[in-house]
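K.L.:
Sharing a structure below in structure tokens format, with a few things to ask.
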Amino acid sequence: MTRYLTGRLLQAVLVLWAAFTLSFGVLYLLPGDPVSIMAAGGGDTNDISPEQLAELRKTYGLDKPVLEQYVSQLRHALQGDFGISVQSGEKVGHMIGTALPDTLRLTSGALLLALVLGGATALLGTYTQWRWLRQVLLSLPALGVSAPTFLVGLVLVQIVSFRWGLLPAVGNEGFDSLVLPMITLALPTGAVLAQVFAKSLRTTLSEPYVETALAKGASRGRVHFRHATRNASIPPLTVVGMLVGNLLAGSVVVETVFSRTGVGRITATAVASQDIPVVQGLVVFGALVFVLANLAVDLVYPLLDPRITTSAAVAR
Amino acid sequence: MSDPRRRPRRVLTSLTAVTVLSLAAGACSSSSADSPGGSTPHSGGHLTFALASDPICIDPQQAGNNDALYPARQLVDSLTDQDPRTGRIVPWLAKSWKVSKDATTFTFTLREGATFSDGTPVNARAVKDNFDGIVKLGAKAVLGSGYLAGYKGTTVVDEHTAEVAFAAPNAQFLQATSTFTLGLLAASTVKLPAEKRCTDNLVGSGPFTLVDYTPNKSVEERRRAGYTWGSSLWSRKGPAYLDKLTFKVIPESGVRTGSLQSGQVDAIGGVAPQDEPGLKSAGFSLQSRANPGLPFALTANVARPITKDLRVRRAIQKIIDRQEIVDTVLSGSYEPATSSLASTTSGYKDLSAQLGHDVAGAEKLLDAAGWRTGSDGIRTKDGRKLSLKVIWGANFGPNQTALELIQQQLKKSGIRITLQSATIGDFIALRQKGDYDFSWGNTTRVDPDILRTGFSGKLLNFGHLADRELDGVLDEQASESDPAARAAHVARAQKLVLDKAYQIPVFELTTVLGLSGKVHDLDFEASSRLQFHETWLS
């Protein structure tokens with residue numbers, strides 16, 4: 001177990017370093033830089049002189065050779081310091097830290113809802129013997145996967161908030177404001193889960209032991225919900241690890257549509273203004289979440305299926 | 001959808017819409033200043049205004065974009081104010097001033113009794129601290145560093161007299177003192193480094209004080225009790241009417257309009273041209289004002305082989321059908337450009353006669369210049385195609401469609417333009433590189449000195465102009481302290497820029513707001529940004 005964890009941690013460090021380096025490279029390859037965007041003032045095409053720009057670049061160390069900037073940023077990042085935002089002067093760690101609770105509420109709520117919706121759809125869709133219900137339920141996931149998040153969000157806002165006036169359209173105040181964004185974010189995630197889970201259930205249900213169980217007199221419900229469900233939940237569990245990352249990405253769109261504060265909004269603003277230190281911090285944060293979520297999933301496998309051992313996972 | 005139970009509600013909705021519409025129509029026909037229902041201005045209330053993007057930094061001395069300037073403007077007072085109707089500079093914190101004949105020294109006499117919200121007095125020392133501070137901010141003061149170019153220093157003559165001196169004539173400085181950018185902040189703010197005063201620690205003497213700014217969410221401001229030193233332009237002398245002012249950040253334009261329509265906010269900024277008809281038909285009032293400064297225009301780079309020929313530039317000026325662009329791409333709130341300055345700029349002169357749409361005249365010019373129509377419809381001369389590169393930045397939604405329409409208009413006369421888009425930041429870099437024939441853009445500034453920034457061969461000179469006559473006129477307006485004499489120079493400069501077609505103005509950027517019926521007297525100041533002091537809710 002210790003060997004397994006050490007291996008995983010080393011992998012994690014590698015992933016984090018790769019994410020850091022890749023994002024640094026991409027940001028430097030982009031035309032323009034944070035300083036010229038800041039100087040443009042976001043609106044009018046201001047007439048700022050090359051000298052003034054050079055002065056600003058110096059302030060942020062952007063005039064140094066790329067390699068030197070990379071090494072210095074990496075050194076600071078290793079100490080947990082991602083520097084300050086070029087745009088607002090705020091500490092990057094502080095920015096992410098204050099935005100995190102809002103995003104956590106949103107994404108964990110959405111994940112829970114997705115698990116319930118996706119799980120229920122798959123279980124019911126494979127269990128029911130009414131052909132029409134089965135077809136309706138099993139075609140829902142495809143619909144959910146293909147509907148663009150921002151469109152779903154906008155439609156929900158238009159109907160539920162603007163037409164019916166039931167829930168607020170924007171903001172972070174209270175549970176009310178969380179409902180629509182949570183649903184919007186949960187739909188595509190739940191749809192993927194349902195697809196994978198339903199497929200896995202169908203495969204499991206056609207295995208010989210199911211027939212054996214049925215022949216031995218176990219009820220159809222018991223076989224479906226106890227035996228098959230447990231065995232079929234390995235693939236959706238693997239997917240959950242990746243979906244956590246997707247939820248974080250989805251929060252960029254959802255938080256923008258619903259004007260919520262959070263990590264997603266910071267990401268959108270930072271990328272638009274090429275605020276390198278903030279983007280770097282966010283990329284590493286995102287990679288960390290991804291790594292942790294997948295590690296958690298790996299640790300849960302043996303609980304579901306004793307045949308899987310953690311050391312084998314590393315050897316793989 | 002055809003559920004009969006929903007019927008009565010729909011009838012009711014349309015009835016309400018009709019009532020609201022007729023009310024709005026009635027209000028419009030009398031006077032826009034009139035308040036329907038005949039209620040009078042009164043104190044109190046909490047107004048929520050939706051911004052289109054996060055302000056990022058609401059320090060008035062550092063801010064550059066509208067969404068930062070709306071909340072920032074309310075926190076500070078300026079030495080002077082500018083009448084948006086006449087362009088005249090009038091007293092605010094300074095009750096009087098004197099400008100030296102050569103426009104290098106400006107002496108301000110401050111009113112007594114004004115204080116910053118931390119209790120410290122607004123005095124000559126504060127003026128000096130602020131101007132010194134802005135110069136120290138350097139390029140971080142995106143606008144201010146330009147206003148204070150050539151700043152020699154401020155002398156504290158006595159408690160209420162400050163003398164500001166420049167190394168070279170700087171006539172635009174007087175107007176600059178009326179802007180939010182040179183608005184005064186308390187010493188406790190000025191001494192802080194730039195990044196510490198973006199979201200917090202902003203202490204001014206303005207009619208509102210900052211309660212809280214949460215990035216990406218909202219700016220909360222509260223009325224300053226005991227405020228009595230408002231601008232001489234304002235009809236109300238005491239504190240603002242509104243108790244509280246909230247600027248909410250709602251980036252998605254559909255959600256912004258929907259929030260207004262469903263009453264979740266009272267007013268919105270950044271109304272896109274395509275959203276205007278919907279808001280109007282739902283009974284909301286649209287309030288608009290053209291932004292002063294340089295209108296949206298194609299600005300020539302005359303160092304290039306084709307654009308160095310005046311005849312080509314003039315031909316393009318004649319081919320572009322401004323009215324068609326406004327009618328097709330924009331909305332009724334927008335106007336075609338009528339000079340090299342927007343109509344709300346001080347010293348603006350209507351030169352629409354020079355900007356007529358005359359395709360036949362243009363084609364004659366192109367023929368005379370030796371550009372003959374080729375087999376593919378594009379003109380050629382000595383084996384070279386009449387093909388021009390236009391660079392543009394994404395600072396205004398309809399830019400792309402407007403440029404595509406221009407592209408079609410020019411193509412009919414045998415001119416091909418290729419469009420290269422850029423992010424706002426990249427646009428600056430592209431312009432410095434100079435690999436283009438025309439750049440597309442605008443600049444907001446009330447003072448006509450913006451012409452010098454844009455077209456003087458002695459300054460940035462992105463267009464590579466070498467025009468002694470124009471440089472001379474631009475310098476003259478910069479060193480003329482008498483407003484009437486200065487206006488004459490400015491008029492000449494506008495005419496020269498158009499005569500030589502250094503700039504081909506197309507339309508005026510316009511600030512469009514959507515307001516609910518209960519918002520009254522939300523005023524545009526001279527730069528078409530917002531002033532909430534006299535705003536009240538019914």
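K.L.:
State yes or no: is B:Asn442 out of contact with any Leu (no Cβ under 8 Å at 6 or more places or on another chain), open to solvent by less than 10 Å² (accessible area, probe 1.4 Å) and within 14 Å of another protein chain (Cβ to nearest Cβ)?
P.N.:
So B:Asn442 does not fit the description; no.
K.L.:
So which residues in the stretch B:161-191 are open to solvent by 40 Å² or more (accessible area, probe 1.4 Å) and of a type in the set (A, V, I, L, M, F, W, C), if there are any at all?
P.N.:
Across the stretch B:161-191, the qualifying residues are B:Ala167, B:Ala168, B:Ala187.
K.L.:
Further question on the same structure: How about the stretch B:398-437: which of its residues are within 11 Å of chain A (Cβ to nearest Cβ), crowded, with 20+ Cβ neighbours inside 10 Å and among the charged types (D, E, K, R)?
P.N.:
Those that are within 11 Å of chain A (Cβ to nearest Cβ), crowded, with 20+ Cβ neighbours inside 10 Å and among the charged types (D, E, K, R): B:Asp426, B:Arg431.
K.L.:
Taking the stretch A:239-298 on its own, how many of its residues are of a type in the set (Ser, Thr, Tyr) and either under 10 Å from the mean Cα position of the chain (by Cα) or part of a helix (DSSP H, G or I) (or both)?
P.N.:
4
K.L.:
Another question, then. Could you look through the stretch B:148-160, keep only residues that are among the hydroxyl-bearing types (Ser, Thr, Tyr) and open to solvent by 20 Å² or more (accessible area, probe 1.4 Å), and pick out the one that is nearest to B:Thr109 (Cα to Cα)?
P.N.:
B:Thr155
K.L.:
Looking only at the stretch B:125-134, decide whether some residue is under 15 Å from B:Val76 (Cβ atoms), crowded, with 17+ Cβ neighbours inside 10 Å, within 14 Å of chain A (Cβ to nearest Cβ) and within 27 Å of the chain's Cα centre (by Cα).
P.N.:
Checked against the condition, which is being under 15 Å from B:Val76 (Cβ atoms), crowded, with 17+ Cβ neighbours inside 10 Å, within 14 Å of chain A (Cβ to nearest Cβ) and within 27 Å of the chain's Cα centre (by Cα), the stretch B:125-134 yields at least one hit.
K.L.:
Out of all the residues in the stretch B:363-375, is one or more within 30 Å of the chain's Cα centre (by Cα) and open to solvent by less than 10 Å² (accessible area, probe 1.4 Å)?
P.N.:
Taking every residue of the stretch B:363-375 in turn, none turns out to be within 30 Å of the chain's Cα centre (by Cα) and open to solvent by less than 10 Å² (accessible area, probe 1.4 Å).
K.L.:
Tally the residues that are open to solvent by less than 20 Å² (accessible area, probe 1.4 Å) and either charged (D, E, K, R) or modelled with pLDDT of 95 or more (or both), restricting the search to the stretch A:115-131.
P.N.:
Total meeting the criteria: 0.
K.L.:
Which residue out of B:Asp382, B:Asp327, B:Asp350 is surrounded by fewer than 17 Cβ atoms within 10 Å (Cβ to Cβ) and under 23 Å from B:Arg492 (Cα atoms)?
P.N.:
On inspection, the qualifying residue turns out to be B:Asp350.
K.L.:
Does any residue of the stretch A:84-99 turn out to be away from chain B (no Cβ under 11 Å) and under 18 Å from the mean Cα position of the chain (by Cα)?
P.N.:
Yes, some residue in the stretch A:84-99 is away from chain B (no Cβ under 11 Å) and under 18 Å from the mean Cα position of the chain (by Cα).
For every residue, the table says whether it meets (1) under 20 Å from the mean Cα position of the chain (by Cα); (2) within 14 Å of chain B (Cβ to nearest Cβ); (3) surrounded by fewer than 19 Cβ atoms within 10 Å (Cβ to Cβ); (4) part of a loop (DSSP other than H, G, I, E, B).
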residue: A:Leu112; (1), (2), (3), (4): yes, no, yes, no
residue: A:Val155; (1), (2), (3), (4): no, yes, yes, no
residue: A:Ser161; (1), (2), (3), (4): no, yes, no, no
residue: A:Leu166; (1), (2), (3), (4): no, yes, yes, yes
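K.L.:
Here's a check for you: in the stretch B:446-470, which residue that is over 18 Å from B:Leu509 (Cβ atoms) and of a type in the set (Gly, Ala, Ser) is farthest from the other protein chains (Cβ to nearest Cβ)?
P.N.:
Filtering the stretch B:446-470 for residues that are over 18 Å from B:Leu509 (Cβ atoms) and of a type in the set (Gly, Ala, Ser), the one farthest from the other protein chains (Cβ to nearest Cβ) comes out as B:Ala466.
Yes/no matrix, rows are residues, columns are (1) within 14 Å of chain B (Cβ to nearest Cβ); (2) surrounded by 18 or more Cβ atoms within 10 Å (Cβ to Cβ):
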residue	(1), (2)
A:Arg220	no, no
A:Val223	no, yes
A:Arg230	no, no
A:Val278	yes, yes
A:Gly281	no, yes
A:Val291	no, yes
A:Val300	no, no
A:Asp305	no, no
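K.L.:
Here is a follow-up. Taking the stretch B:254-295 as the search range and keeping residues that are assigned to a strand (DSSP E or B) and at the interface with chain A (Cβ under 10 Å from one of its Cβ atoms), which one is most open to solvent (accessible area, probe 1.4 Å)?
P.N.:
Among residues in the stretch B:254-295 that are assigned to a strand (DSSP E or B) and at the interface with chain A (Cβ under 10 Å from one of its Cβ atoms), the one most open to solvent (accessible area, probe 1.4 Å) is B:Leu294.
The values are calculated or read from the model by the stated rules, or taken from the named source; none is laboratory data. Since the model is a prediction, treat every value here as computed from it, not as a measurement. Neighbour counts run over all protein chains shown; Cβ positions are idealised from the backbone, glycine included. Note: areas computed on protein heavy atoms with side chains; ligands, DNA, RNA excluded. Shrake-Rupley method; radii C 1.70, N 1.55, O 1.52, S 1.80 Å.
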